[in-house]
Amino acid sequence: GGGGGAAMADGEALVSVDYEVSGKVQGVFFRKYTQGEAKRLGLVGWVQNTSHGTVQGQIQGPTTRVRELQEWLRKIGSPQSRISRADFSNEKKIEALEHKEFQILK
């Protein structure tokens, strides 16, 4: 930590990035934990299970926070999960957040 203050630091660009996580990531509360971690970091977006056994979604927020969640998706996940890989795509700078919160989609 350190510094504290508002989540939206001045001059911190907002980014949007799509992700897909492979491995043992369904049926292990992966979505719930991803949502919790995203909320802790002050990020918005969504997460859902796919029909082919992966978890995918989108993250939006300040660049440094988005990077933190990317690391979390790559290495940590939920306690029971086994992540084999995390792919990130369509990263772009955005002017404003396109989601109000971080949702679990069915």
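Pull up the cross-link candidates among the lysines for Lys93, meaning alpha carbon to alpha carbon under 25 Å and not fewer than 8 places away within one chain.
Reachable lysines: Lys39, Lys75.
I'd like the carbon and sulfur percentage of the solvent accessible area for the chain, probe radius 1.4 Å, heavy atoms only, ligands and nucleic acids excluded.
Working: 2950 of 6220 Å².
Taking all protein chains in place, the chain shows 47 percent carbon and sulfur surface.
Can you compute the helix-only [θ] at 222 nm over the chain? Use -39500 (n - 2.57) per DSSP H run of at least 4 residues, normalise by all residues, nearest 500 deg cm²/dmol.
Numbers: 2 runs with 25 residues, N = 106.
About -7500 deg cm²/dmol.
Taking 0.36 nm per residue of sequence separation and subtracting the Cα-Cα distance, how much length would be gained by fully extending the chain between Asp18 and Leu97, in nm to one decimal? Write down the numbers at each step before the final one.
Details: separation 79, 0.36 × 79 = 28.44 nm, distance 1.39 nm.
Length gained between Asp18 and Leu97: 27.0 nm.
Hull surface divided by four, with the convex hull built on the Cα atoms of segment 27-82: how many nm²?
Working: hull surface 14.2 nm².
So the Cα hull casts an average projection of 3.6 nm².
Less than 10 Å Cβ to Cβ from Arg85, Lys/Arg counted +1 and Asp/Glu -1: what total charge do the surrounding residues give? Before the final figure, lay out the partial values.
On the way: positive: Arg74; negative: Glu20, Asp87.
Charge balance near Arg85 sits at -1.
Go through segment 48-106 and name the GluC sites (Glu not before Pro) that are in a DSSP coil and have 14 or fewer other Cβ atoms within 10 Å of their Cβ. Walk me through the numbers before you get to the answer.
Working: sites: Glu68, Glu71, Glu91, Glu95, Glu98, Glu101; in loops: Glu95, Glu98, Glu101.
Sites meeting the loop and neighbour criteria: Glu95, Glu98, Glu101.
Kindly express, to the nearest 10 degrees and within the range 0 to 90, the angle between helix 30-41's C-alpha long axis and the longest C-alpha principal axis of the chain.
10
Nearest 10 degrees, 0 to 90: what angle lies between the long axis of helix 63-75 and the longest principal axis of the chain (Cα atoms)?
Compared with the principal axis, the helix lies near 20 degrees.
Counting heavy atoms of the protein chains only and a 1.4 Å probe, report the per residue accessible area for the chain as a whole number of Å². Before the final figure, lay out the partial values.
Numbers: 6220 Å² over 106 residues.
I get 59 Å² per residue for the chain.
What are the principal axis extents of the Cα atoms in the chain, in Å, biggest first?
39, 27, 21
The values are calculated or read from the model by the stated rules, or taken from the named source; none is laboratory data. Quantities reported herein were computed from a predicted structural model and do not represent experimental measurements. Backbone-built Cβ (ideal geometry, glycine too); neighbour counts: all protein chains shown. For accessibility, only protein heavy atoms count, side chains too; no ligands or nucleic acids. Shrake-Rupley method; radii C 1.70, N 1.55, O 1.52, S 1.80 Å.
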